[in-house]
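K.L.:
Quick one: structure below, then a few questions.
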Amino acid sequence: MTCRFNFGKSLRLAQIKAGVSSTELASRLDITKQQVSQWRYRQDAKLSLVEKVSGHLNISPVHFLELSDD
């Protein structure tokens with residue numbers, strides 16, 4: 001079974017819902033703001049990245065992925 005999702009769309013929506021800017025998320029993840037910016041337009045991602053990002057946005061990985069279905 002293949003599950004398609006849009007990582008970038010989920011990230012953008014999760015950031016809005018959590019009220020977390022790209023700069024703040026980058027700081028939490030100890031990466032550059034430019035990396036977060038690149039992720040915001042990425043179609044897919046490894047599950048480990050989904051888990052890491054969703055954890056810092058206080059959302060479950062499943063709910064994070066479901067955001068791109070809206």
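The values are calculated or read from the model by the stated rules, or taken from the named source; none is laboratory data. Just so we're clear, the structure is a prediction, and the values are computed from it rather than from any experiment. Note that we place each Cβ from the backbone using ideal geometry, even for glycine, and neighbour counts take in every protein chain shown. The protein model used for the area step is the full one, side chains on, heavy atoms only, and it has no ligands, DNA or RNA in it. Shrake-Rupley method; radii C 1.70, N 1.55, O 1.52, S 1.80 Å.
K.L.:
Out of all the residues in the range 1-15, is one or more loosely packed, with under 13 Cβ neighbours inside 10 Å and either touching a Phe, Trp or Tyr at 6+ places or on another chain (Cβ under 8 Å) or in a helix (DSSP H, G or I) (or both)? Walk me through it before giving the result.
P.N.:
Step one: list which residues in the range 1-15 are loosely packed, with under 13 Cβ neighbours inside 10 Å, which gives 1-4.
Filter once more, keeping what is either touching a Phe, Trp or Tyr at 6+ places or on another chain (Cβ under 8 Å) or in a helix (DSSP H, G or I) (or both): none.
No, there is no match, as no residue in the range 1-15 is loosely packed, with under 13 Cβ neighbours inside 10 Å and either touching a Phe, Trp or Tyr at 6+ places or on another chain (Cβ under 8 Å) or in a helix (DSSP H, G or I) (or both).
K.L.:
OK, next. Name the helices (runs of 4 or more DSSP H) wholly within the range 18-70 that hold at least 1 residues that are open to solvent by 60 Å² or more (accessible area, probe 1.4 Å) and within 18 Å of Arg4 (Cα to Cα)?
P.N.:
Numbers: elements: 22-29, 33-39, 47-56, 61-66.
By residue number, 47-56, 61-66.
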